[in-house]
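S.K.: My questions will all concern the structure given below.
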Amino acid sequence: MGDWYGYGLLSGPAFAFSYAITGIFAGVISDKVNRKLIMSVMAICWSLTTLGTGLIRNFWMLFVFRFMLGIFEGFLSPCAYSIISDYFHPDSRSLANAVYNLGIYFGGALSSLSILLISSSGWANTYILMGFIGIGSGIVSFVFIREPPRNRFDPKVEKAIDEEEVEKPGAG
């Protein structure tokens, strides 16, 4: 298969279609399921596909791994934005979302430095190393991210939380 044609499949349909379509379903699922768990499991899964990319030597398996990477990464943003909305009051939520987005693009910029690692260790070993680092990050996120109460800053929920806190001191 020609290099340009293969690159086009890997950078376009293999990742982009699965990522874009999964995001819609991820939004629905993240409204009903523990978001921290989804993010942690999906981070481990996409890191496993990264690790696997370093181990395979077949174009079509690489296509499948890129497709799976799109599925797993497609879950992150819906869950992250949802958790951010429950961690941060609306007055500071724009800044929180901006910092999250900064991380996405800053990470992309830093990934270009991986050429240093690729030139010294080879592309396959770099993918394997990044896969292990990602798996570790997924485990760390599972341990340290708290699932906040949903809709915490919804005026009705916020009022109920405030009333609950007022009742606690008098109860003990």
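Please treat every number below as a calculation from the coordinates, not as lab data. Please read all numbers here as calculations on a predicted model, not as lab measurements. All Cβ positions, glycine included, derive from the backbone under ideal geometry; neighbour counts span all protein chains shown.
S.K.: Comparing Y105, Y19, Y127, which has the greatest mean-square fluctuation in the GNM of the chain with Cα pairs linked when under 10 Å apart?
M.R.: Of the options given, Y105 has the highest mean-square fluctuation.
S.K.: Could you tell me how far the Cα centroid of the stretch 69-113 sits from the Cα centroid of the stretch 13-62, in Å?
M.R.: 16 Å
S.K.: Tell me whether the stretch 1-69 comes out rounded, prolate or oblate; compute the Cα gyration tensor, take square roots of the eigenvalues as a ≥ b ≥ c, and use a/c under 1.5 as the rounded threshold.
M.R.: The shape class here is oblate.
S.K.: Classify the stretch 70-157 as rounded, prolate or oblate, taking a ≥ b ≥ c as the square roots of the eigenvalues of its Cα gyration tensor: rounded when a/c is under 1.5, otherwise prolate if a/b is larger than b/c and oblate if not.
M.R.: Judged from the Cα gyration tensor, the stretch 70-157 comes out prolate (a/c at least 1.5, a/b above b/c).
S.K.: Additional query: May I ask you to sort L37, L48 by Cβ crowding, counting other Cβ atoms within 10 Å and putting the fewest first?
M.R.: L37, L48
S.K.: A follow-up question, please. When S112, S82 are ordered from fewest to most other Cβ atoms inside 10 Å of their Cβ, what list results? Walk me through the numbers on the way to the answer.
M.R.: Numbers: S112 8, S82 20.
Listing S112, S82 from fewest to most nearby Cβ atoms yields S112, S82.
S.K.: Among (i) 30; (ii) 51; (iii) 47, only one was calculated for this model; which label is it, if the read-out is percent of Cα pairs over 24 Å apart?
M.R.: Correct label, based on the coordinates given: (iii).
S.K.: Now a separate question. Can you compute the helix-only [θ] at 222 nm over the chain? Use -39500 (n - 2.57) per DSSP H run of at least 4 residues, normalise by all residues, nearest 500 deg cm²/dmol. Intermediate results must be reported in sequence, preceding the final value.
M.R.: Working: 9 runs with 144 residues, N = 172.
After summing the helix terms and dividing by the residues of the chain, the value is -28000 deg cm²/dmol.
S.K.: Estimate the FRET efficiency between N97 and V41 by the formula 1/(1 + (r/R0)^6), using the beta-carbon distance for r and 22 Å for R0, to the nearest 0.05.
M.R.: Details: r = 23 Å, r/R0 = 1.05.
Taking R0 as 22 Å, the efficiency between N97 and V41 is 0.45.
S.K.: Please arrange R66, R93, R35, R57 by how many other C-beta atoms lie within 10 Å of their C-beta, fewest to most. Mind showing how you got there, number by number?
M.R.: On the way: R66 21, R93 16, R35 24, R57 7.
Final ranking by Cβ density, sparse to dense: R57, R93, R66, R35.
S.K.: Counting pairs of alpha carbon atoms under 8 Å apart in space and at least six apart in sequence, what relative contact order in percent does the stretch 3-171 give?
M.R.: Dividing the mean separation by the residue count of the stretch 3-171 yields 34 percent.
S.K.: Let me ask something else. Going by alpha carbons, how many degrees (0 to 90, nearest 10) lie between the helix axis of 123-144 and the longest principal axis of the chain?
M.R.: Helix 123-144 sits roughly 10 degrees off the main axis of the chain.
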